Amino acid sequence: MEKIIVRGGRSLSGEVTVSGAKNAVVAIIPAAILVKGTCVIENVPDIEDVRVLVDILDAMGADVCYDRLTSTLKVDCSNVKAETPPAHLVRKMRASYYLIGVLLGRFKRADVALPGGCNFGSRPIDQHIRGFEALGADVTCNEESVTAQAENLSGNSVYLDVVSVGATINIMLAAVLAKGVTTIENVAKEPHIVDLANFLNAMGANVKGAGTDVIKITGVETLSGGTYSIIPDQIEAGTFMVAAAATGGNVLVKNVIPKHMEAVSAKLMEMGADVLEYDTDIRVIGNKDMRSVNIKTLPYPGFPTDMQPQAVALLSVIEGESRVTEGVWDSRFQYIEELKKMGADIEVNGRTAVIKGVSHLVGQTVRATDLRGGAGVVIAGLIASGETVITEIKHIDRGYERLVDKFKGLGADIKRVCE
Ligand code: EPU
């Protein structure tokens, strides 16, 4: 089993380059199934979720080639068959549910195992299903899988009852080749939604309004191949920004879209860190006297739920009381037990974590309970005294490209070991 070992106490300094966005690429790779011809997708991060998607497309008959050195994926799905994607691969990740939207869109039929992914309590897909039904599909769902089929898919109006990234994306994917106009209201506005719309439009789709509350999709006959580059990962960038502040460091985070980082930058500044924005880079400088703050996670442009554990790790050593309220998921505090093992003083009341800053954390053996919880305990390890051993790092590998190497490049004493 691989582990990460961190010896804390070093201030991070230097430059780090952010990779392509996980939550964009996990939608854009399945979207290639809708395209006739070769898609060349650039800035694809080398993460486990990408490897699983490549294996799924390969198993379905796509011609797919991923060059890790150039971060470029070439994929031609012309020969993909209307078959069930391998369930054992689908269950390895959450975003495999986008296969329902694309297979329905292309073949008018999808039979896909229920997805896996991080465990945040209940993760329903009722809004996805409502969207498919509005387009004319019959959808049945059992404990194992989802089956959707339609004679024809026709554009319609859909109003989402909850702002859902996954439902917004899945309905877009099912609608791009449907007849007529689909209007989706109360949609998610995350940068990866805009990135998917830009990819689809680059391939010939007609998607308008991504990044606002209403997306309008006018169905087209076909999509054809082309080249597209994935946006930088907002959450990876935020993880390095918080780590820089937490270690009292001075780090230039390169290849970011500063606009996407506004909620994180604002909170770091409120805590007392210096955040300097350039065109495509952000410098974060931590200060000795940081202040406690309150945070509520919200859909974009609010403070991202995927930055919640990293922020809590930092706040755990800032004097005073901070309150962090989870506004997206029912349950996303599993990692807090791990921080408590390291000496953090945190109490969870419902959806709010009340953090009383301690003077220091102490290295311990802790688990990566999920992807971002894993990033949170890595940051805790960087600031703790002594050695922190992080187990179950498969969760981190799902979504961070070379996290350990990147922290090492910033001067951290961190390594992966295989035992
Ligand atoms: N929801 C419903 N019904 C639905 C769909 C969602 O009630 O049909 C609820 C969820 O239970 C949740 C809320 O709506 O309370 C938001 O869920 P959303 O659908 O937006 O989440 P998701 O699409 O499953 C994506 C990211 C997550 C990120 C959330 C919120 C991907 C692959 N995953 O999940 O990323 O936390 O949006 O921004 O894009 C991560 O990267 O670590 C991660 C978990």
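Observations
- Single residue of segment 308-335 satisfying the filter (outside any loop (DSSP other than H, G, I, E, B) and surrounded by fewer than 24 Cβ atoms within 10 Å (Cβ to Cβ)) that is farthest from the ligand (Cβ to nearest atom): E321
- Test result for G376, crowded, with 19+ Cβ neighbours inside 10 Å and either touching a residue at least 24 places away in the same chain (Cβ under 8 Å) or touching a helix residue (DSSP H, G or I) at 6+ places or on another chain (Cβ under 9 Å) (or both): yes
- Of the strands (runs of 3 or more DSSP E) entirely within segment 247-293, those holding at least 1 residues that are farther than 18 Å from L410 by Cβ and either touching a residue at least 12 places away in the same chain (Cβ under 8 Å) or not hydroxyl-bearing (S, T, Y) (or both) occupy 274-277.
- Residue selected from segment 338-347 under the condition surrounded by 15 or more Cβ atoms within 10 Å (Cβ to Cβ) and in contact (Cβ under 8 Å) with a residue 12 or more places away in the chain, by the criterion farthest from the ligand (Cβ to nearest atom): G343
- Residues of segment 10-22 that are of a type outside the set (A, V, I, L, M) and either touching a Ser or Thr at 6+ places or on another chain (Cβ under 6 Å) or more than 23 Å from A244 (Cα to Cα) (or both): S11 alone.
- Only listed residue being β-branched (V, I, T), surrounded by 17 or more Cβ atoms within 10 Å (Cβ to Cβ), within 22 Å of the chain's Cα centre (by Cα) and not in a loop (DSSP other than H, G, I, E, B), chosen from I56, I5: I56
- Exactly one residue among T212, T183 is over 24 Å from K259 (Cα atoms), in contact with a Lys or Arg (Cβ under 8 Å, 6 or more places away or on another chain) and either buried (at least 18 other Cβ atoms within 10 Å of the Cβ) or not charged (D, E, K, R) (or both), and that residue is T183.
Where a number appears in this text, it was derived from the coordinates with a stated rule and is not lab data. Being a predicted model, the structure only gives us computed values, none of them experimental. Note that we place each Cβ from the backbone using ideal geometry, even for glycine, and neighbour counts take in every protein chain shown.
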